[in-house]
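Okay, so here's the structure we're looking at.
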Amino acid sequence: MLRRSDYNGRVRDWIARLLQVPGVVSLLAQRAVDGDASPNTIVTLEFRKLDQAQAAISSEHLKAILQELGSSTADRPKAVLVERSPFTPVPIRPET
């Protein structure tokens, strides 16, 4: 397992590589604030089309990133394919 400082140094590389997955339009990473949650970080990749997400979840590119993450953290990362609910409201954006 990587030391915390080494792990933090690798995060930018993982993010850049995740954004290179074909069809990705956004990445959202959220971290638990209490420190006791597991997993403490959840990353969501948004795709243009469902078939792009389905291809990505089984791609060697994503598997390689997940394997690297797994060798550097206590929790084993897991990819889950989900679809946006039709009841999800439009995000609230601050006024400019």
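The values are calculated or read from the model by the stated rules, or taken from the named source; none is laboratory data. Given the structure is predicted, the values throughout are model-derived calculations rather than measurements. All Cβ positions, glycine included, derive from the backbone under ideal geometry; neighbour counts span all protein chains shown.
Values as computed for the structure displayed
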{"item": "Odd one out for Arg48 among (1) at pLDDT below 90; (2) surrounded by 14 or more Cβ atoms within 10 Å (Cβ to Cβ)", "result": "(2)"}
{"item": "Residues of the range 16-43 that turn out to be surrounded by 14 or more Cβ atoms within 10 Å (Cβ to Cβ) and either of a type outside the set (A, V, I, L, M, F, W, C) or not in a strand (DSSP E or B) (or both), as a count", "result": "7"}
{"item": "Residue within the range 53-71 that is more than 15 Å from the chain's Cα centre (by Cα), without any contact (Cβ under 8 Å) to a residue 24 or more places away in the chain and surrounded by 10 or more Cβ atoms within 10 Å (Cβ to Cβ) present", "result": "no"}
{"item": "For Arg76: the one exception among (1) touching a residue at least 12 places away in the same chain (Cβ under 8 Å); (2) among the charged types (D, E, K, R); (3) touching a helix residue (DSSP H, G or I) at 6+ places or on another chain (Cβ under 7 Å)", "result": "(1)"}
{"item": "Any hit, the range 76-91, residues being surrounded by 10 or more Cβ atoms within 10 Å (Cβ to Cβ), modelled with pLDDT of 80 or more and assigned to a strand (DSSP E or B)", "result": "no"}
{"item": "Test result for Ala53, closer than 14 Å to Arg84 by Cα and in a helix (DSSP H, G or I)", "result": "yes"}
